[in-house]
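Visitor: Okay, handing you the structure first.
The values are calculated or read from the model by the stated rules, or taken from the named source; none is laboratory data. Because the structure is predicted, anything quoted here is derived from the model rather than measured. Cβ sites come from the backbone with ideal geometry, for glycine too, and all protein chains shown count toward neighbours. Remember, those area values only see protein heavy atoms, side chains included, never the ligands or the DNA or RNA. Shrake-Rupley method; radii C 1.70, N 1.55, O 1.52, S 1.80 Å.
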Amino acid sequence: KLDFDNKTVWPKPDRLPEGFAPQVILQKAKYPGLGIAALHAEGITGKGVRIAVIDQPPLLNHEEYCHAFEFYDNTRVPIAGPQMHGAALASISVGKSCGVAPEAKLHYYSVPMWESKNSFYTDSLNAIVDRNEKLPKEQHVRAVAISTAMFPMYPKYDEYKRAFARAWKAGVVVFTCQTLKSHKFSYCMLNKRPGADADDYRSYTPVSWCPTKLHGKFSLWLPGGTRTVAGPDNPDEYDYSIDCGNSWGTPFLAGLSALALQVNPQLTPDEIIELLLKTAVQADFGRIVNPAAFVKAAKSRKKKTK
């Protein structure tokens, strides 16, 4: 039940509970779970697909995800140092050991999330679409992760909605923590019971901060807690946390979209949402994302004829 990192100083082994090996726990918890490893073993790693994260500045040279950087934009927050949020999102999406899509290319747009403005997200989404329009189709960003839901509370919400709609129409699926009302798509996060099989759906339970009465509100549940992610301070830092917030969901979904787009580049944003919901596994508290079934359904989805 304790959060720690790989720099935590522990008592000597004879002063620790029998069988308690912090570094082993931390290493095993890098795995995203739910059959992702089997997909990677098949070569479904997001290779050739580009995803974008719009979030706080990451540590650029972290060993977990520095290989994936293809484009970085820090024009909106040029002087801020690396933040916890940025490192975590980059590692969950494209990390070599933590990531859902370890061979996808990452485009990163740093924004000052601590300022209550929609303009940062609006400008970044428009910049992604503008850049796509200048590049060959195979080099387009196809999925975006934005880990906030505060848009309606910030100024110029209509401008943000137009930028979101523009990206969607251009074939870019955008995941945020906000409910996607047009598709009745909302999600919440899961914790894995410590020591349980990460590939077994029965190992997961809703995060502690989500009241039972709200469980039926969400159309999809995602793994995120009891996980290790990249830390923000050192290139070899990793942080292990029991719980997580919904912020960890958008990079998971963007990475999962990259796997689907690798096997079927013609998928539209609407189809991605449709297949995520259609292939989910039913649990007592709701439906859990099913990566293998999602990718299989994406692969078998008939290509549209002109």
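Condition check ((1) under 25 Å from ALA80 (Cα atoms); (2) hydrophobic (A, V, I, L, M, F, W, C); (3) touching a residue at least 12 places away in the same chain (Cβ under 8 Å)) across all residues:
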{"position": "SER97", "(1), (2), (3)": "no, no, yes"}
{"position": "SER116", "(1), (2), (3)": "yes, no, yes"}
{"position": "ALA145", "(1), (2), (3)": "yes, yes, yes"}
{"position": "ALA149", "(1), (2), (3)": "yes, yes, yes"}
{"position": "ASN191", "(1), (2), (3)": "no, no, yes"}
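Visitor: Still on this model: Quick check: anything in the stretch 84-92 open to solvent by 70 Å² or more (accessible area, probe 1.4 Å), part of a helix (DSSP H, G or I), closer than 23 Å to LEU190 by Cα and of a type in the set (S, T, N, Q)? Break it down into steps so the answer makes sense when it comes.
Guide: Taking the stretch 84-92 and keeping what is open to solvent by 70 Å² or more (accessible area, probe 1.4 Å), we get 84.
Next, from what is left, pick out any that are part of a helix (DSSP H, G or I): 84.
Of the ones still in play, those that are also closer than 23 Å to LEU190 by Cα are 84.
In the following step, the residues that additionally are of a type in the set (S, T, N, Q) were identified as none.
No: the stretch 84-92 contains no residue that is open to solvent by 70 Å² or more (accessible area, probe 1.4 Å), part of a helix (DSSP H, G or I), closer than 23 Å to LEU190 by Cα and of a type in the set (S, T, N, Q).
Visitor: I'd like the full set of residues that are assigned to a helix (DSSP H, G or I), buried (at least 19 other Cβ atoms within 10 Å of the Cβ) and among the polar types (S, T, N, Q), limited to the stretch 99-156.
Guide: THR122, SER124, ASN132, listed by residue number.
Visitor: Just one of (1) surrounded by 19 or more Cβ atoms within 10 Å (Cβ to Cβ); (2) among the β-branched types (Val, Ile, Thr); (3) more than 30 Å from LEU220 (Cα to Cα) trips up ILE54, so point out which.
Guide: (3)
Visitor: I need the full set of residues from the stretch 195-242 which are more than 14 Å from ALA283 (Cα to Cα), in a loop (DSSP other than H, G, I, E, B), open to solvent by 10 Å² or more (accessible area, probe 1.4 Å) and of a type in the set (S, T, N, Q), in order please.
Guide: Result: SER208, ASN234.
Visitor: Next question, about the same structure. Tell me which residues, restricted to the stretch 4-31, are among the charged types (D, E, K, R) and within 12 Å of SER241 (Cα to Cα).
Guide: Just the residues of the stretch 4-31 that are among the charged types (D, E, K, R), to begin with: 5, 7, 12, 14-15, 18, 28, 30.
Within the stretch 4-31, ASP5, LYS30 qualify.
Visitor: Condition first: of a type outside the set (Val, Ile, Thr), without any contact (Cβ under 8 Å) to a residue 60 or more places away in the chain and touching a Pro at 6+ places or on another chain (Cβ under 9 Å). Now tell me which residues in the stretch 1-33 satisfy that.
Guide: Result: TRP10, LEU16, PHE20, ALA21.
Visitor: May I pose another question? Restricting to the stretch 215-231, name every residue that is aliphatic (A, V, I, L, M) and either touching a Gly at 6+ places or on another chain (Cβ under 7 Å) or without any contact (Cβ under 8 Å) to a residue 24 or more places away in the chain (or both).
Guide: The initial filter retains those residues of the stretch 215-231 that are aliphatic (A, V, I, L, M), namely 220, 222, 229-230.
Within the stretch 215-231, LEU222, ALA230 meet the criteria.
Visitor: Turning to a different aspect of this structure: Just to verify a result, which residue in the stretch 243-267, among those that are in a loop (DSSP other than H, G, I, E, B) and of a type in the set (S, T, N, Q), is surrounded by the most Cβ atoms within 10 Å (Cβ to Cβ)?
Guide: Restricting attention to the stretch 243-267, the residues satisfying the condition of being in a loop (DSSP other than H, G, I, E, B) are 243-245, 264-267.
With of a type in the set (S, T, N, Q) added as a condition, the list becomes 264, 266.
Numbers: ASN264: 18, GLN266: 12.
My answer is ASN264.
Visitor: Restricting the stretch 44-70 to residues that are small (Gly, Ala, Ser) and not in a loop (DSSP other than H, G, I, E, B), which is nearest to ARG131 (Cα to Cα)? Break it down into steps so the answer makes sense when it comes.
Guide: Of the residues in the stretch 44-70, the ones small (Gly, Ala, Ser) are 46, 48, 52, 68.
With not in a loop (DSSP other than H, G, I, E, B) added as a condition, the list becomes 52, 68.
On the way: ALA52: 12, ALA68: 18 Å.
Looking at residues that are small (Gly, Ala, Ser) and not in a loop (DSSP other than H, G, I, E, B), I get ALA52.
Visitor: Separate question: Please tell me if LEU180 is out of contact with any Asp or Glu (no Cβ under 9 Å at 6 or more places or on another chain), among the hydrophobic types (A, V, I, L, M, F, W, C) and under 23 Å from ALA143 (Cβ atoms). Write out each step before concluding.
Guide: Working: out of contact with any Asp or Glu (no Cβ under 9 Å at 6 or more places or on another chain): yes; among the hydrophobic types (A, V, I, L, M, F, W, C): yes; under 23 Å from ALA143 (Cβ atoms): yes.
So LEU180 fits the description; yes.
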